[in-house]
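Single-structure report; data block below.
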Amino acid sequence: RALILVYGSTTYSFSAMLSVFLAGIAIGSTVFSRLAGAIKRPVFWFAVTQIGSGLCMVLALYRFNSQPEFLLQYLLKHGLVWRNLLAAQFMITLSLLFLPTFFFGGAFVMAAKALRERSESSSRATGQLYAFNTIGAMAGALAAGFALLPVVGMERAILALAILAVAAGLVFVFRSGASAAAVRAVAGAVVVCLAVSVMRPPALNEKILSSGAYFGAWNFLRNGKVALLD
């Protein structure tokens, strides 16, 4: 929903978002599955993936205002043609979505490993994981579309979900049985990041994001320069 403000709500925009989203999950799952055999405490690493995805969502909010400017700068440099618009869309999507979805994929693998270690049946553990993952995806889509967006708005909805992910991660960190040093390192990093976000909270610029830079890029180019901020 937020990316639509940057590069429009076309079929190509949705394709760019979905392809990056699925690629991030696939690559994250692949990387963590290769490391799973050497990981002794999957609950701890599941917590890390939750915290990582939450912090990446907060970081993305800081970068949204600069994306229309990037889009225009890219088109100015490479030419105002269709393929360059698509290329810019993919780069913007990669920069904002890849890391969170990478952690999504890793979370699924770590959850599967943790459940298998606590279950007598591997197939039962996997089935339970898929069932709750599907239920959660359905509930999340309904809650975001029909409750969060209308009630609190896009920016606060993203922040709320990010905080929820980080909070859940911290709970699992303290319950993972990891070493005290590892727990302190993760908790300390979270505290620092949250302190920075509180002192300098992200704020989406409605004028910039609603300018429609993707729709009429030539309207924001003057004398060979991008004049969006002007």
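Values as computed for the structure displayed
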quantity	calculated
Matching helices (runs of 4 or more DSSP H) fully within the range 111-230 where at least 3 residues are within 30 Å of residue 41 (Cβ to Cβ) and small (Gly, Ala, Ser)	122-143, 154-175, 180-199
Residue within the range 131-140 that is at negative phi, at pLDDT below 90 and more than 20 Å from the chain's Cα centre (by Cα) present	no
Given (1) of a type in the set (A, V, I, L, M, F, W, C); (2) within 30 Å of residue 169 (Cβ to Cβ); (3) surrounded by 11 or more Cβ atoms within 10 Å (Cβ to Cβ), number of the condition residue 227 does not satisfy	(2)
Residue ranges of helices (runs of 4 or more DSSP H) in the range 1-98 with at least 1 members surrounded by 18 or more Cβ atoms within 10 Å (Cβ to Cβ) and without any contact (Cβ under 8 Å) to a residue 40 or more places away in the chain	67-78
Residue match in the range 173-190 (condition: of a type outside the set (Phe, Trp, Tyr), farther than 23 Å from residue 65 by Cα, in contact with a helix residue (DSSP H, G or I) (Cβ under 9 Å, 6 or more places away or on another chain) and at pLDDT 90 or above)	yes
Lone qualifier among 136, 106 - being touching a residue at least 12 places away in the same chain (Cβ under 8 Å) and either exposed (fewer than 12 other Cβ atoms within 10 Å of the Cβ) or in contact with a Phe, Trp or Tyr (Cβ under 6 Å, 6 or more places away or on another chain) (or both)	106
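A quick yes/no check of all residues on (1) under 25 Å from residue 34 (Cα atoms); (2) open to solvent by 70 Å² or more (accessible area, probe 1.4 Å); (3) β-branched (Val, Ile, Thr):
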residue: 112; (1), (2), (3): yes, no, no
residue: 116; (1), (2), (3): yes, yes, no
residue: 126; (1), (2), (3): yes, no, yes
residue: 131; (1), (2), (3): yes, no, no
residue: 144; (1), (2), (3): no, no, no
residue: 148; (1), (2), (3): no, no, no
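The values are calculated or read from the model by the stated rules, or taken from the named source; none is laboratory data. Computed from a predicted structure; not experimentally measured. In this analysis, Cβ positions are derived from the backbone assuming ideal geometry, glycine residues included, and neighbour counts consider all displayed protein chains. Note: accessible area is taken over every heavy atom of the protein model, side chains too, but ligands, DNA and RNA are not part of it. Shrake-Rupley method; radii C 1.70, N 1.55, O 1.52, S 1.80 Å.
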